[in-house]
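Chemist: Below: one structure in C-alpha cells.
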C-alpha cells in the first residue's frame, strides 16, 4: 500500500506558474469585521518543498507541479489543528504558533530570499464557512507598514497530503496544517489581499481580551494606529515566556524521571529487604538442619557403641575376648568402617578361655547377663540367615520385637546380684 506523500508548500507567486481553475478568483480584502477569506478551489503549484529536502531530488511525477485542492474538509482539519489544547494553547498559538511574516523566512528553502525573521503579526482566529476558511489577522505596526508598501498578498505556508485524484494530468494534494502566513507582493492563490485592512471594533474587542490574558492592558479607546504598540508588548512577553515554558517542560520531565527513579529505588529496597529476610530464614533453617544432623550423628554413634558393647560383652562371656580387652574391642567395633563385617568377624573368633570355669566364677547376675547376650545374638543371627539382612538391619529389627526390647533393657541394667 502506497504511503501518501507529504509536501510543505509556500504560496509565494513570484516563482510559480499562474493559478489554474481558482474558485472565487476576484480579489478579496479584509472586511469591515476584520476577517479575510481563503477560498476553496484548485491552484497550480510547482511542488518545490519549503523544507528544502525535496528540492534536490524532486520525484519525476512532481516535475510538472501539482494541484493544490482546498476543500471544506481541508479547512476543518486546519481549524482543528489551530485550536490546539485549551484556551491557553489558543492564545499562545495565535501569537506564536501561527505567525505572519514578511515572505517566508520560516521556510528553509526560501529563507535566503526573506532574511527578516521578525513576525509581522499573528492569526487571531479562524472560522470554517461555506465559501472558505476565514482568518482574522492581527498585524504589528511594521506589518501594517509592509502592507502599505506593497506586501499586500496572502501566501499560506502549509502541509499538504497526496490524494488519489488527478486534475489536468497532475496529482492533487490537499492542505491539512497551516504553519504561517507570508506577506508577499504576488501570491499563488487569488483573493487573499491585505490592502486597506481596517481595525474593526469587533477585532479590537477580541484583541483586548487576548492582550488581557497575556497581562497587557489596552484601553478600549486606543486609536487604531496605537494598538500595534500593545501587540508588540504582548509579543515581547510571549517571547520571554518561551524559555520559561521550555525550562518548565524540562523540569517537569526531570521531575517525572526522578519520581520514576525513586519508585525503582523503593522497589529495589523492598526487594533487598525481602531477600535479606529470606537469607536469614534460610540461615536459620541451615542451622536447624546442622543441629539435627549433629544430633542424629551423636545418636547413631551412641546406638552403635551400645550394639558394640552388647556384642563384645557376649564375646567376653563366651571366652572369645579377654575381659581386659573389652573396652578396646568395643571402641574398635564402634568405629569400624564396616560394622557388619567386623561384627561377623568377632562372632567367628574361637574361644580363648574356658567358659565353664569362667561361668562358675561369675555371680548369678553375671551368668544371667551372659545368657541374655547369647540369646540376643542368636535372635540377630537367625534373622540375618532367614532374611539375608546385614547385622545392623537385623539387630534393629530384633530390637523392635517384644523379646528383643526385654533383652536389651535387661542387659543395660547393672549386675546387682551378690557373689
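The values are calculated or read from the model by the stated rules, or taken from the named source; none is laboratory data. Since the model is a prediction, treat every value here as computed from it, not as a measurement. Every residue, glycine as well, gets a Cβ built from its backbone with ideal geometry; the counts of neighbours run over all protein chains shown.
Chemist: So which of 41, 52, 13 is exposed (fewer than 15 other Cβ atoms within 10 Å of the Cβ), under 18 Å from residue 156 (Cα atoms) and modelled with pLDDT of 50 or more?
Modeler: Values: 41 fails: exposed (fewer than 15 other Cβ atoms within 10 Å of the Cβ); 13 fails: exposed (fewer than 15 other Cβ atoms within 10 Å of the Cβ).
Within the list 41, 52, 13, the selection yields 52.
Chemist: Would you pick out the residues in segment 124-140 that are modelled with pLDDT of 90 or more, part of a strand (DSSP E or B) and more than 44 Å from the chain's Cα centre (by Cα)?
Modeler: 132, 134
Chemist: Now a separate question. Return yes or no: is residue 115 part of a loop (DSSP other than H, G, I, E, B) and either in the same structural domain as residue 41 (by TED's automatic domain parsing) or under 21 Å from residue 49 (Cβ atoms) (or both)? Working first, answer last.
Modeler: Details: part of a loop (DSSP other than H, G, I, E, B): yes; either in the same structural domain as residue 41 (by TED's automatic domain parsing) or under 21 Å from residue 49 (Cβ atoms) (or both): yes.
Criteria met by residue 115.
Chemist: Another one. So which helices (runs of 4 or more DSSP H) are wholly in segment 288-371 and hold at least 1 residues that are modelled with pLDDT of 80 or more and over 60 Å from the mean Cα position of the chain (by Cα)? Before you say what the answer is, go through the steps one by one.
Modeler: Details: elements: 326-334, 339-347, 355-361.
Output list reads 326-334, 339-347.
Chemist: Considering only residues that are touching a helix residue (DSSP H, G or I) at 6+ places or on another chain (Cβ under 6 Å) and at pLDDT below 70, look in segment 161-209 and name the one that is surrounded by the most Cβ atoms within 10 Å (Cβ to Cβ).
Modeler: If we filter segment 161-209 for residues that are touching a helix residue (DSSP H, G or I) at 6+ places or on another chain (Cβ under 6 Å), which is where we start, we get 174-178, 183, 186-188, 194, 199.
Going one step further and asking which of them are at pLDDT below 70, we end up with 187-188, 194, 199.
Details: 187: 24, 188: 27, 194: 22, 199: 19.
My answer is 188.
Chemist: Out of all the residues in segment 210-236, which are out of contact with any helix residue (DSSP H, G or I) (no Cβ under 9 Å at 6 or more places or on another chain) and at pLDDT 75 or above?
Modeler: Within segment 210-236, 212, 221, 236 meet the criteria.
Chemist: Note down all Cβ pairs under 7 Å where the first residue falls in segment 160-182 and is on the phi > 0 side of the Ramachandran plot, the second is surrounded by fewer than 18 Cβ atoms within 10 Å (Cβ to Cβ), and they're at least six residues apart or on different chains.
Modeler: Close Cβ pairs satisfying both conditions: 168/20.
Chemist: Are there any pairs, at least 6 apart or on different chains, whose C-beta atoms fall under 7 Å, with the first in segment 197-224 and over 20 Å from residue 120 (Cβ atoms) and the second part of a loop (DSSP other than H, G, I, E, B) and modelled with pLDDT of 75 or more, and if so, which?
Modeler: So the pair list comes out as 208/218; 208/220.
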